[in-house]
Amino acid sequence: MSEPLVMGIETSCDETGVGIVRGHDLLADAIASSVEEQARFGGVVPEVASRAHLEAMVPTVQRALDEAGVALDDLDGIAVTAGPGLAGALMVGVAAAKAYSLATDVPLYGVNHLSAHIAVDTLENGPIPEPAIGLLVSGGHSTIMMVEDLAGKVTQLGASIDDAAGEAFDKVARLLGLPFPGGPHIDRHARDGDRAFVEFPRGLTAPKDMERHRYDFSFSGLKTAVARWIETQKAEGRDIPVDDVAAAFQEAVCDVLTRKAILAAKEHGVETLLLGGGVAANSRLRGLAEERAEKAGLILRYPRPKLCTDNGAMVAALGSHLVSAKVAPSQMTFPANSSMDVEVVSLADKLA
Amino acid sequence: MKVLVVDTATSAVQAAIVEVDGDELFLQAFRREIDPRGHVERLTPFIEACLAESGRGEVDAVVAGTGPGPYTGLRVGMVTAAAFADGAGVPVYGVCSLDGIGGNTLGRALVATDARRKEIYWAVYDSGAREGDPQVCKPAELPETGADYAIGEGAAMYADLLPVEAETTPVYPDLVKLAELAAPRIRSGAPSEHLTPLYLRRPDAKPVRA
Ligand SMILES: [Zn+2]
């Protein structure tokens with residue numbers, strides 16, 4: 001077989017994504033998003049997302065096939081996010097992928113969303129040196145991953161024990177009167193703000209926490225601290241300097257994320273650090289990671305912002321890697337698993 | 001013509017292959033399991049088994065029950081039908097799932113399925129023909145329907161609360177009936193349909209700003 005042609009389907013949150021790759025080449029990345037609808041509710045409403053996935057599923061597959069100029073019968077694999085994510089949303093993608101696979105006789109791969117966030121980097125920067133440390137940050141996850149073998153052994157070193165970093169961005173944006181999703185707005189305002197304006201707390205960095213939660217994160221205390229600070233200022237009749245608060249908050253998040261990821265790489269003797277997830281599009285996270293990786297002598301890799309957010313391309317990229325690595329396809333009976341363990345890269349051998 | 005029929009509007013996960021031969025319909029293969037949480041695991045394997053059992057020949061059309069039904073399971077059946085049809089390059093047609101029960105009834109029948117949250121989806125059938133659109137409400141709040149009896153999973157569950165006598169054995173949408181109701185479209189090769197579930201309820205969410 002030449003380079004495998006793989007379609008990836010992603011429906012773990014509010015984007016219906018269908019990507020098509022050949023080997024490491026991205027041929028199509030079609031996305032239908034319910035984010036505008038979700039914005040009316042100030043966050044992702046699972047039922048709204050699931051309804052939108054059903055509406056968008058087949059048209060988005062067709063759009064991706066057209067864009068790539070290929071037919072379903074040409075595919076060597078169909079990969080789909082089996083978890084983690086919103087249960088009802090995942091089920092739409094998993095059911096569709098199974099049906100496409102059965103109708104076309106193309107092998108099916110149920111894959112892990114987090115591993116797919118790592119795999120997407122291959123589309124931009126080629127094969128991933130193993131081992132590598134992945135820092136995945138989005139509205140749904142804040143995870144430090146150890147990638148020993150992208151086709152088989154991916155483990156979690158740490159994760160947020162409460163809010164995901166992206167959630168904190170959304171909540172603080174709301175406090176500052178900025179629209180949902182908050183990430184891009186905070187990033188933009190922070191550019192004109194003073195990062196050292198207020199020293200907001202860095203969760204789980206105290207010596208005692210570094211013993212028990214060495215690579216874990218906590219962002220709910222930070223969000224509360226920002227809320228309290230704003231309340232106090234308002235009570236004293238002061239205006240809220242949006243740019244400065246955005247910059248100081250963003251600094252607290254990016255500081256702790258990069259600090260712990262670099263620490264994980266150093267302590268595990270790993271030379272490559274990968275960024276992924278929607279928050280990896282944040283300019284300060286990239287900047288700070290670059291600065292610190294260079295200082296630590298690490299190679300930093302991240303794909304362009306559009307590939308960082310949830311999309312079908314990342315699922316296709318992981319699928320392509322699994323096909324190349326000759327991993328056995330998944331059984332038709334695999335479930336959608338909303339709390340899927342990061343160690344299950346492909347459902348092929350673990351859950352079926 | 002070989003037709004794949006699926007329905008997941010009730011706790012029954014169902015798939016069948018029905019042969020539509022002129023005015024006659026034959027059930028060639030059938031799988032059903034009562035498993036309200038098992039739609040995504042069971043449905044495609046059921047279809048696979050039905051295809052294997054029904055032997056040679058490609059599927060010519062797909063028919064899906066479009067509810068009303070509990071959304072998560074219902075969507076699994078509908079997206080499976082739509083994706084299978086798209087993958088096979090054949091048309092897909094939707095039929096109201098309640099018609100798969102009511103279409104087989106005689107006299108005046110109240111068809112009721114379980115809508116969760118202590119409610120039922122319902123419609124009234126006169127000699128097998130539905131009167132009006134399906135509705136959702138609490139069993140005790142059902143308006144006067146003039147029905148002689150009630151039938152369906154919801155009727156069996158809430159027999160005590162319904163104003164008419166209910167059949168206590170749950171009845172699920174009949175896939176051959178769903179195929180029969182879609183048969184004019186199948187035979188004439190009507191264009192494929194964009195399937196939208198009969199939700200009957202809005203999502204539980206309030207806009208943050210008016
Ligand atoms: Zn993600």
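Before moving on, here are some points about what is shown:
- Our summary gives chain A a relative contact order of 26 percent, counting only alpha carbon pairs under 8 angstrom and 6 or more residues apart.
- Reducing the stretch B:135-150 and the stretch A:60-84 to their Cα centroids gives an inter-centroid distance of 45 Å.
- Between helix A:283-296 and chain A there is an angle of about 90 degrees, using the helix long axis and the longest principal axis of the Cα atoms.
- Measuring r between the beta carbons of A:A39 and A:R63 and using R0 = 30 Å, the FRET efficiency lands at 0.85.
- The distance linking the stretch B:19-53 with the stretch A:145-221 is 47 Å (Cα centroid to Cα centroid, whole angstrom).
- Cα-based reach from B:K138 at 19 Å (exclusive), listing lysines while leaving out same-chain residues under 8 positions away: B:K118
- Sparsely packed loop sites in the stretch B:114-210 (the chymotrypsin sites (Phe, Trp or Tyr not before Pro) outside DSSP H, G, I, E and B with at most 10 other Cβ atoms within 10 Å) do not occur.
- Percentage relative contact order, chain B, counting C-alpha pairs under 8 Å, at least six apart: 21
- Chain lengthening between A:S283 and A:D25 when straightened (0.36 nm per residue, less Cα-Cα): 90.3 nm
- In straight-distance terms, cross-link reach from A:K234 covers every one of the lysines whose alpha-carbon lies under 29 Å from its own, apart from those fewer than eight places away in the same chain; here that gives A:K171, A:K223, B:K206.
- Of the trypsin sites (Lys or Arg not before Pro) in the stretch B:2-104, the ones in a loop by DSSP (not H, G, I, E or B) with at most 16 other beta carbons within 10 Å are B:R37, B:R56.
- For residues of B:69-77, the mean tally of beta carbons on other chains within 10 Å: 4
- Working from Cα pairs under 8 Å separated by at least six residues, relative contact order for the stretch B:104-157 is 43 percent.
- Restriction of the trypsin sites (Lys or Arg not before Pro) in the stretch A:75-178 to DSSP coil positions whose beta-carbon has at most 15 other beta-carbons within 10 angstrom yields no sites.
- Cα-based shape type of the stretch A:10-145, given that a ≥ b ≥ c are square roots of the gyration tensor eigenvalues and the cut on a/c is 1.5: oblate
No lab work stands behind these numbers, since they all come straight from the coordinates. In this text, all values refer to a predicted model and were calculated from it rather than measured experimentally. Positions of Cβ are generated from backbone atoms using ideal geometry, with glycine treated the same way; all protein chains shown enter the neighbour counts.
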